[in-house]
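Reviewing the structure listed below.
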Amino acid sequence: MKDLIEKAFRDDKITRRTFLKGVGAITVTYSLGAAGVLGIDAHTANAAEDEPIKYIHSCCTVNCTSRCHLKGHVKGGRIVAVSPGDFPGRDDYPNACLRSMSYAQRLQDPKNRVLYPMKRVGQRGEGKFEQISWEEAYDIIAAKLMETKEKYGAQAASFFTMSGNLAKLAWESTTRLGATFGGTTYITEGLMGDHGASMGMRLVYGQERGGHDTRDYMNSKLIIMWGRNLADTHTSDLRYLIKARENGAKVIVIDPRQSSTAAVADQWIPIRPQTDPALALGMMNYMISRNLHDVAWLKANSCAPLLVRDDNGQYLRINGSYAIWDNNSNSIVPMGMMGADPVITGNYTGPDGVSCHPSFVDLAKEAAKYSIKVTAEICGLEERTVEQLAHEYATMKPAGIRMGQGMQRVYNSFAPFRAVATLAAVAGYIGVPGGGASHMGGTASINPIPGVNVPDFNFAEWSNTGGAPFIQEKSSNLYNKMENGDIKFLWIGVSNFINQSPDANRVIKDLLPKVPFIVHVDPYWTWTGKYADLVLPGKTHWEVWDILVRSPWVMLDQPAIATMGQSKSDCEICTDVAKRIGLGHLWNKTDEEWVRTFMTSKHPAFAAFNWDKFVKEGIFARSDGIFEPVFSFKDQKYKTPTGKFEFYTEKLKQLGEEVPTYKRMLEDPQGELGKKFPLVCINYHDRLNVHSQHMLYPALKLVTSEPEVQINTVDAQARGIVHGDKVKVFNDRGHCILKAFVMEGIAPGIVALANGWTPDQYIEGSFQNITHFTINPVEEFISQTNSAFCDVLVEIKKV
């Protein structure tokens, strides 16, 4: 008999709020102890006292960039504590934050979990479901997939993921099922709001990642955390920033909010959102106009001396080679000519009378628009602050920059990373110890073994999709495809899609109703699940066999507790569906068998690998690993078209973006829209959670117990708002109601909401009700539009 579940979502009311200031809250776990963190009562603890603890290892696979190795303390079939696991070769690196430690509490709470396959019986969004068997669920899915394929073609079935679980099988199974079926899959960074950094880095470096190991900041005289809240979002690396400061480095945080990282820095610079490129250009202008730029570095390692045609803005070429003006011969010669002395200024005449100039001329001309005064006005800073920052960055050699995701969740999202990296190049800090303009931090920690050309992992069988056409689209196309009725079947995996995507009202009211059938796989009940037709119970990283590759380590997930209800891993679910649609031959292994296959390698770096030891220790260190601090571009080799650090991109000339530029916000507070909605609303990641995955665990309520909107005292007083008031944050797209947190630690004209809170936790509405998704033509030309979560105007009023 099927059980009708009229309300599958918790509706608990928040009764108290506690806010702990400073970064100490993130380490509250250590003072609480295992029983405090996981909510183990004294009776339970005493009952299991005589039972020996069993240690089972896992990797924290949420998307926070740390990827910590964890050790689960298991008693009576339950995880009773979590502690940091070892990192072979790095005794300094074991880490476990409050989020990862308390996660075991939620995953073992059946009230939070989806325990059985559930079929919608009410309207989408009502939360009315009935329990069904796995057999029925699989039959429904198989029938819908085959019907879609027969009527519309396999491509009408879409398989969408984000980053809820980054382990190999969990993250890739949904996409692999789509690929083997011939469905449509997506490059999801754009809709997630993470793609601006990738675009900006690729433009200048030729690759999407690249930076300095945080330990390398021991070589820095100055460290700038530019939009990066290391203390809350990358807890494993905070210790090295503190050590660098103790070593004498000055630490500056550039952020609209006084984040936890700003609280431990020497200086906080409260910049206006989306003005980061203007600040970087202003700092470049300061250096260039005072001859503080590194001319020798620019000549040797960047596109600065490469000649650009005056007539069309394209690089001048001689017999297919890039060209420079050689000071020694007073002539134009191919780039790289032995003994040449290139120049980076001036105007010259090339073959056939073509006028040309070094690309650095264009960069210097653009930067010259940003005097100290202009830069300060744009960024909302004092002139002396801008001048001090520019001078210290140019003269406190070497200086390192770590950039964060928040600064690129804007319209023209590629611009901040591109401009700040170019600033580092102008100073000559790229590829030098203690320098860099880093994104995630660090680089590949592998020392290639000469003569070895075999794959390191055995992924061949997993990569085989059976010859079906691989259809992968930009995630920026997803909304239009829904709106046009092109998606007849949608599978959502490792993603609370509605909660983490922009313009939720549009998604719910206009887009999802045009998708006939939706499957959602998740360990927990989510906002997205309420709008699915089938909700399938997934497993967490403490319940599955899986691996996560974090160079130079491979970490193992393995079952630490018994299956909760009838939950299954993403791979198990996809395997069972595949067998019903004629694809079982491509899905013929258990999760453990897949993992064993992956680790069956003939690469010499895996010669010492032993399965039993891997299971016992939960981690394997490659023999070719590098465990000392590393950083990118030490060899000054770049994967750009010119092979140089490339601040001048000739393909962007037609769009007026050939060098880094500053553009005002799409929703401009000084424009017409700003008259109605004068406050810039930004979204930040807090110590409490990674997206929506850690909300309101009992231990974490000590940190924050409900969503709040941070607002400057001046803006609050102008609206008659005091700390703790219930307020409405709104614009023409929607609203949310929550309490106000009035503070000095945010720039005037800006309000901020933490990422991840769901409508069940707001008093009313959601942050995603006020966001938008607007296609950006420049970004589409470069790659794909990036969600501009921090390019949003609102007004606030007391309710």
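Please treat every number below as a calculation from the coordinates, not as lab data. All of these numbers come straight from a predicted model, not from anything done at the bench. Virtual Cβ from ideal backbone geometry, glycine too; neighbours counted across all protein chains shown.
Tabulated data for the structure shown
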item: Which of Ser83, Ser787 has the fewest Cβ neighbours within 10 Å, and the rest in rising order; result: Ser83, Ser787
item: Largest to smallest principal axis extent of the C-alpha atoms in region 450-509, angstrom; result: 56, 25, 17
item: Computed P(r) (all Cα pairs; region 672-798; 5 Å bins; percent); result: 2, 11, 19, 23, 19, 13, 7, 4, 2, 0
item: Antiparallel content of DSSP bridges confined to region 672-798, in %, to 5; result: 65 percent
item: Inter-label distance, nm, simple model (7 Å from Cα along the C-beta direction), Gln123/Asp266; result: 6.0 nm
item: Other-chain or far-sequence residues with amide H under 5 Å of Met440's (modelled H); result: Gly210
item: Debye, to nearest 20: dipole size of the chain, +1 on Lys, Arg Cβ, -1 on Asp, Glu Cβ; result: 700 debye
item: Where a label projected 7 Å from the Cα of Arg384 along Cα→Cβ would reach, residues of region 263-304 with amide N under 20 Å; result: 266-272, 283, 286
item: Average projection area in nm² (convex hull over Cα atoms of region 111-193, one quarter of hull surface); result: 7.3 nm²
item: Angle in degrees between helix 414-426 and the longest Cα principal axis of the chain, rounded to the nearest 10; result: 50 degrees
item: Sites Val354 and Ser329, calculated FRET efficiency, Cβ-Cβ separation with R0 25 Å, nearest 0.05; result: 0.85
item: Under Karplus coefficients 6.51, -1.76 and 1.60, residue-wise ³J(HN,Hα) of region 681-689 in Hz, glycine/proline x; result: 9, 10, 10, 10, 9, 10, 5, 6, 7
item: Scattering profile of region 242-368 at q = 0.17, 0.21, 0.23 Å⁻¹ [log10 I(q)/I(0), Debye over alpha-carbon scatterers]; result: -0.88, -1.14, -1.28
item: Cα-Cα over 24 Å, subset of Lys299/Lys637; Lys530/Lys726; Lys149/Lys530; Lys365/Lys644; Lys149/Lys514; result: Lys530/Lys726; Lys149/Lys530
item: ³J(HN,Hα), Karplus 6.51/-1.76/1.60, whole Hz, each residue of region 504-517, x for Gly, Pro; result: 4, 4, 5, 4, 6, 8, 10, 9, 4, x, 8, 9, x, 9
item: Sequence ranges 709-718, 525-534, 133-142, ranked by mean other-Cβ count within 10 angstrom, highest first; result: 525-534, 709-718, 133-142
item: Evaluated at q = 0.16, 0.19, 0.28, 0.30 Å⁻¹: base-10 log I(q)/I(0), Debye formula over Cα of region 196-256; result: -0.59, -0.79, -1.15, -1.19
item: Sites Lys514 and Arg290, calculated FRET efficiency, Cβ-Cβ separation with R0 51 Å, nearest 0.05; result: 0.30
item: When region 157-227 is reduced to its Cα atoms, the Kirkwood hydrodynamic radius in Å; result: 15.1 Å
item: Efficiency of FRET between Asp139 and Lys589 - r from beta-carbon atoms, R0 30 angstrom, step 0.05; result: 0.85
item: Karplus (6.51, -1.76, 1.60) ³J(HN,Hα), θ = phi - 60°, over region 397-409, in Hz, Gly and Pro reported as x; result: 8, x, 10, x, 10, 10, 9, x, 4, x, 5, 10, 8
item: Amide hydrogen neighbours beyond the local backbone of Lys250, cut-off 5 Å, H modeled; result: Leu222, Ile223
item: Pairwise centroid distance, computed over Cα atoms, of region 356-406 with region 126-157, Å; result: 55 Å
item: Among the listed pairs Lys675/Lys728; Lys568/Lys613; Lys397/Lys663, those beyond 22 Å (Cα-Cα); result: Lys568/Lys613; Lys397/Lys663
item: Charged-residue dipole, Cβ positions (Lys, Arg, Asp, Glu), region 672-798 about Cα centre, Debye nearest 20; result: 400 debye
item: The chain: Cα Rg divided by the 2.2 N^0.38 Å rule of thumb; result: 0.97
item: Partners for Lys539 among aspartates and glutamates (Cα-Cα distance below 17 Å; same-chain residues under 8 apart left out); result: Asp109, Glu172, Asp522, Asp557, Asp570, Glu572, Asp576, Asp591, Glu592
item: Rh by Kirkwood over Cα pairs, then Stokes-Einstein D for region 560-714 at 1.306 mPa s and 10 °C, µm²/s; result: 67 µm²/s
item: Stokes-Einstein translational diffusion, region 202-296 - Kirkwood Rh over all Cα pairs, 1.567 mPa s, 4 °C, in µm²/s; result: 88 µm²/s
